[in-house]
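S.K.: Starting off with a structure, shown below.
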Amino acid sequence: MSQIAYNFLNQNTTLVHICCSVDSHHFLIQLQKLYPQKNFCGFFYNPNIHPYEEYLMRLKDVQRSCKMLGIPLIVGEYDLDSWLCGTKGLEEEPEKGERCSYCFDYRLEKTAQIAKETHCVEFTTTLLASPMKSQNELFSQGEAMAKKHSLGFLPIDVRGNGGTKIQNELAKEANLYRQNYCGCLFALTKQREKSHKIPLELVSSLNIPKDSRNLPLLRLKNFQTRESLENNQKPYHIIKRKVQKYCLLKGILTQDSKTIPSFIFNHSILNKPTKAKIEFWKEGIGYASKEGILLLEFKAFKNFLKQENFETFLKNGLEESLQLALRYHLYPQGFLTSPIVIIKDKILGNFTLEIQYVMQEEILEDFIKINQ
């Protein structure tokens with residue numbers, strides 16, 4: 001658990017369990033308005049959030065929100081393995097079912113423990129603000145947990161009288177991160193299945209740099225733009241982009257039963273393992289006999305790719321912007337979907353190429369600076 005000074009915690013302090021910034025921002029503002037005589041301290045404890053990169057994204061946004069509101073924050077342990085142990089047998093439960101009840105109790109139990117340790121006399125939770133949760137169930141669970149630990153539980157309804165609409169407006173005004181699933185592995189999988197999509201949050205692409213190999217990592221990277229703009233006091237708009245995300249799951253180039261080290265570019269599409277042969281080479285490009293496959297010799301393109309060493313290139317991956325730029329460089333007349341494969345040295349004759357990928361529409365955030 002993160003260490004902060006606890007001298008502000010006294011008999012008028014309420015520990016507020018925080019699940020995410022969208023729920024907590026309005027919730028904390030309402031607490032400050034309704035109870036000006038109380039002090040409030042946030043407690044971010046959500047080991048249910050998966051994957052870890054998504055957890056970090058939500059944590060960073062909560063830290064930003066609490067800073068804006070002048071609320072101190074305690075960060076709990078990310079004890080995912082322990083949380084998962086308690087979900088055994090509940091994996092297929094629906095949203096608001098038994099698994100969610102377990103999850104509430106798990107987090108509220110820890111919140112009550114920290115409230116006792118930090119000498120708070122009561123606690124509450126921003127889960128009460130979520131339209132995805134049963135408010136009455138949370139009231140009941142919170143009161144039972146408080147009684148168990150000889151604490152008070154502060155029930156508050158921030159949803160009624162247009163509260164949810166206000167919450168959404170405040171989240172938009174504060175440019176908060178709006179996640180698109182509750183948090184746990186099971187909820188994510190179910191929600192994606194319902195939309196006939198693969199949970200790309202759980203999949204890392206083989207050919208992208210480590211800082212953006214999956215959706216949560218890419219969001220973390222994108223939101224650094226927001227942080228930079230705010231640090232430099234530059235106003236901006238946050239907008240949503242609909243993008244076709246390509247995720248390379250497997251790519252193998254073989255010749256005479258031997259695997260050839262290779263880098264396969266995004267948007268390389270093959271529906272099955274394909275046998276082909278090199279027709280000819282020209283200016284570092286090998287033209288194959290099938291599916292428009294292009295083999296590129298590394299040394300002919302290393303300057304364009306801004307890479308010096310082939311092995312390091314394979315290990316580190318390549319920014320998607322450069323991958324797309326090379327596609328346009330090779331064929332500016334349209335969007336080229338031919339498989340593009342970079343190899344260290346030229347090969348001749350027959351080869352086999354296998355590519356497994358996922359491509360689906362996703363929503364990503366972008367930040368546009370306002371010109372003053």
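S.K.: Applying the selection to the range 240-257, what residues are under 17 Å from the mean Cα position of the chain (by Cα) and of a type outside the set (Lys, Arg)?
M.R.: Step one: of the range 240-257, the residues under 17 Å from the mean Cα position of the chain (by Cα) are 240-247.
Those that are under 17 Å from the mean Cα position of the chain (by Cα) and of a type outside the set (Lys, Arg): Val243, Gln244, Tyr246, Cys247.
S.K.: Let me ask you something else. Among the residues of the range 250-290 satisfying the criterion of being in contact with a Phe, Trp or Tyr (Cβ under 8 Å, 6 or more places away or on another chain) and over 25 Å from Phe304 (Cα atoms), which is least open to solvent (accessible area, probe 1.4 Å)?
M.R.: Looking at the filtered set, the residue picked out is Ala276.
S.K.: Just checking, how many residues over the range 168-185 are open to solvent by less than 30 Å² (accessible area, probe 1.4 Å) and out of contact with any Pro (no Cβ under 9 Å at 6 or more places or on another chain)?
M.R.: We begin by selecting, within the range 168-185, every residue open to solvent by less than 30 Å² (accessible area, probe 1.4 Å); these are 171, 174-177, 181, 183-184.
The next check asks that each one be out of contact with any Pro (no Cβ under 9 Å at 6 or more places or on another chain); those that pass are 171, 174-177, 183-184.
So the answer is 7.
S.K.: Within the group Tyr106, Tyr78, which residue is farther than 25 Å from Thr225 by Cβ, outside any helix (DSSP H, G or I), of a type in the set (Phe, Trp, Tyr) and out of contact with any Ser or Thr (no Cβ under 7 Å at 6 or more places or on another chain)?
M.R.: Working: Tyr106 fails: outside any helix (DSSP H, G or I).
Unique residue meeting the criteria: Tyr78.
S.K.: Answer yes or no as to whether Phe313 is aromatic (Phe, Trp, Tyr) and either assigned to a helix (DSSP H, G or I) or within 27 Å of the chain's Cα centre (by Cα) (or both).
M.R.: Working: aromatic (Phe, Trp, Tyr): yes; either assigned to a helix (DSSP H, G or I) or within 27 Å of the chain's Cα centre (by Cα) (or both): yes.
For Phe313, the condition - aromatic (Phe, Trp, Tyr) and either assigned to a helix (DSSP H, G or I) or within 27 Å of the chain's Cα centre (by Cα) (or both) - is met.
S.K.: Let me ask you something else. Please go through (1) farther than 22 Å from Asn175 by Cβ; (2) open to solvent by 10 Å² or more (accessible area, probe 1.4 Å); (3) out of contact with any Asp or Glu (no Cβ under 7 Å at 6 or more places or on another chain) for Ile74 and return the number of the only condition it doesn't satisfy.
M.R.: (2)
S.K.: Would it be correct to say that Lys148 is of a type in the set (D, E, K, R), surrounded by fewer than 15 Cβ atoms within 10 Å (Cβ to Cβ), at pLDDT 90 or above and under 22 Å from Asn12 (Cα atoms)? Talk me through it step by step, then tell me what you get.
M.R.: Values: of a type in the set (D, E, K, R): yes; surrounded by fewer than 15 Cβ atoms within 10 Å (Cβ to Cβ): yes; at pLDDT 90 or above: yes; under 22 Å from Asn12 (Cα atoms): yes.
When the stated conditions are applied, Lys148 passes them.
S.K.: For the range 79-114, enumerate the residues that are among the hydroxyl-bearing types (Ser, Thr, Tyr), open to solvent by 10 Å² or more (accessible area, probe 1.4 Å) and over 13 Å from Gln141 (Cβ atoms).
M.R.: We begin by selecting, within the range 79-114, every residue among the hydroxyl-bearing types (Ser, Thr, Tyr); these are 82, 87, 101-102, 106, 111.
The next check asks that each one be open to solvent by 10 Å² or more (accessible area, probe 1.4 Å); those that pass are 82, 101-102, 106.
Once the filter is applied, which keeps residues that are among the hydroxyl-bearing types (Ser, Thr, Tyr), open to solvent by 10 Å² or more (accessible area, probe 1.4 Å) and over 13 Å from Gln141 (Cβ atoms), the range 79-114 yields only Ser82.
S.K.: Across the range 291-310, what is the number of residues that are aliphatic (A, V, I, L, M), part of a helix (DSSP H, G or I) and either touching a His at 6+ places or on another chain (Cβ under 6 Å) or open to solvent by 10 Å² or more (accessible area, probe 1.4 Å) (or both)? Spell out the reasoning first.
M.R.: Narrowing the range 291-310 to residues aliphatic (A, V, I, L, M): 293-296, 300, 305.
Then drop every residue that is not part of a helix (DSSP H, G or I), which leaves 300, 305.
Within this subset, residues satisfying the condition of being either touching a His at 6+ places or on another chain (Cβ under 6 Å) or open to solvent by 10 Å² or more (accessible area, probe 1.4 Å) (or both) are 300.
The total comes to 1.
S.K.: Oh, and also: Can Arg99 be described as within 17 Å of His17 (Cβ to Cβ), part of a helix (DSSP H, G or I) and either in contact (Cβ under 8 Å) with a residue 60 or more places away in the chain or among the polar types (S, T, N, Q) (or both)? I'd like the intermediate steps shown before the answer.
M.R.: Working: within 17 Å of His17 (Cβ to Cβ): no; part of a helix (DSSP H, G or I): yes; either in contact (Cβ under 8 Å) with a residue 60 or more places away in the chain or among the polar types (S, T, N, Q) (or both): yes.
Considered against the rule, which asks whether it is within 17 Å of His17 (Cβ to Cβ), part of a helix (DSSP H, G or I) and either in contact (Cβ under 8 Å) with a residue 60 or more places away in the chain or among the polar types (S, T, N, Q) (or both), Arg99 comes out as no.
S.K.: Now, a different point. Filter the range 115-145 down to the residues that are within 30 Å of the chain's Cα centre (by Cα), of a type in the set (Ser, Thr, Tyr) and open to solvent by 30 Å² or more (accessible area, probe 1.4 Å) and list them by number.
M.R.: Ser134, the sole residue that qualifies.
S.K.: State which residue pairs qualify: first residue closer than 14 Å to Gly163 by Cβ and inside the range 122-138, second residue open to solvent by 10 Å² or more (accessible area, probe 1.4 Å) and not in a loop (DSSP other than H, G, I, E, B) in any location, beta carbons under 7 Å apart, and separation of 6 or more residues or different chains.
M.R.: Taking only residues 6 or more apart or on different chains, the pairs are Thr126/Asp23; Leu128/Gln135; Ala129/Asp23; Ser130/Asp23; Pro131/Thr164.
S.K.: In the range 313-320, is there at least one residue being within 30 Å of Leu176 (Cβ to Cβ), at pLDDT 95 or above and surrounded by fewer than 18 Cβ atoms within 10 Å (Cβ to Cβ)?
M.R.: Within the range 313-320, one or more residues are within 30 Å of Leu176 (Cβ to Cβ), at pLDDT 95 or above and surrounded by fewer than 18 Cβ atoms within 10 Å (Cβ to Cβ).
S.K.: A follow-up question, please. Inspect all residues belonging to the range 55-66 and state whether any of them is over 21 Å from Pro216 (Cα atoms) and open to solvent by 60 Å² or more (accessible area, probe 1.4 Å). Write out each step before concluding.
M.R.: Of the residues in the range 55-66, the ones over 21 Å from Pro216 (Cα atoms) are 66.
After this cut, where a residue has to be open to solvent by 60 Å² or more (accessible area, probe 1.4 Å) as well, the list is none.
So far as the range 55-66 goes, no, none of its residues is over 21 Å from Pro216 (Cα atoms) and open to solvent by 60 Å² or more (accessible area, probe 1.4 Å).
S.K.: Collect the residues in the range 264-290 that are of a type in the set (Gly, Ala, Ser) and in a loop (DSSP other than H, G, I, E, B), keeping them in residue-number order. Break it down stepwise before answering.
M.R.: Applying the first criterion (of a type in the set (Gly, Ala, Ser)) to the range 264-290 yields 268, 276, 284, 286, 288-289.
Passing the criteria: Ser268, Gly284, Ser289.
S.K.: Considering only the range 148-190, state which residues are in a helix (DSSP H, G or I), more than 28 Å from Lys116 (Cα to Cα) and not hydrophobic (A, V, I, L, M, F, W, C). I'd like the intermediate steps shown before the answer.
M.R.: In the first step, residues of the range 148-190 are kept if they are in a helix (DSSP H, G or I); the result is 148, 163-173, 185-190.
Still in the running and more than 28 Å from Lys116 (Cα to Cα): 163-173, 185-190.
Hits for the range 148-190 are Gly163, Thr164, Lys165, Gln167, Asn168, Glu169, Lys172, Glu173, Thr189, Lys190.
S.K.: Can you tell me which residue within the range 115-147, out of those that are among the small types (Gly, Ala, Ser) and assigned to a helix (DSSP H, G or I), is nearest to Val62 (Cα to Cα)? Give the derivation first.
M.R.: Just the residues of the range 115-147 that are among the small types (Gly, Ala, Ser), to begin with: 115, 129-130, 134, 140, 142, 144, 146.
Of the ones still in play, those that are also assigned to a helix (DSSP H, G or I) are 115, 129, 140, 142, 144, 146.
On the way: Ala115: 19, Ala129: 15, Ser140: 26, Gly142: 22, Ala144: 27, Ala146: 24 Å.
Checked the range 115-147; the qualifying residue nearest to Val62 (Cα to Cα) is Ala129.
The values are calculated or read from the model by the stated rules, or taken from the named source; none is laboratory data. Just so you know, these numbers come straight off a predicted model, no measurement behind them. When we count neighbours, we look across all protein chains shown, and the Cβ atoms used for this are built from the backbone with ideal geometry, even at glycine. Just the protein is used for accessible areas: all its heavy atoms, side chains included, with ligands, DNA and RNA removed. Shrake-Rupley method; radii C 1.70, N 1.55, O 1.52, S 1.80 Å.
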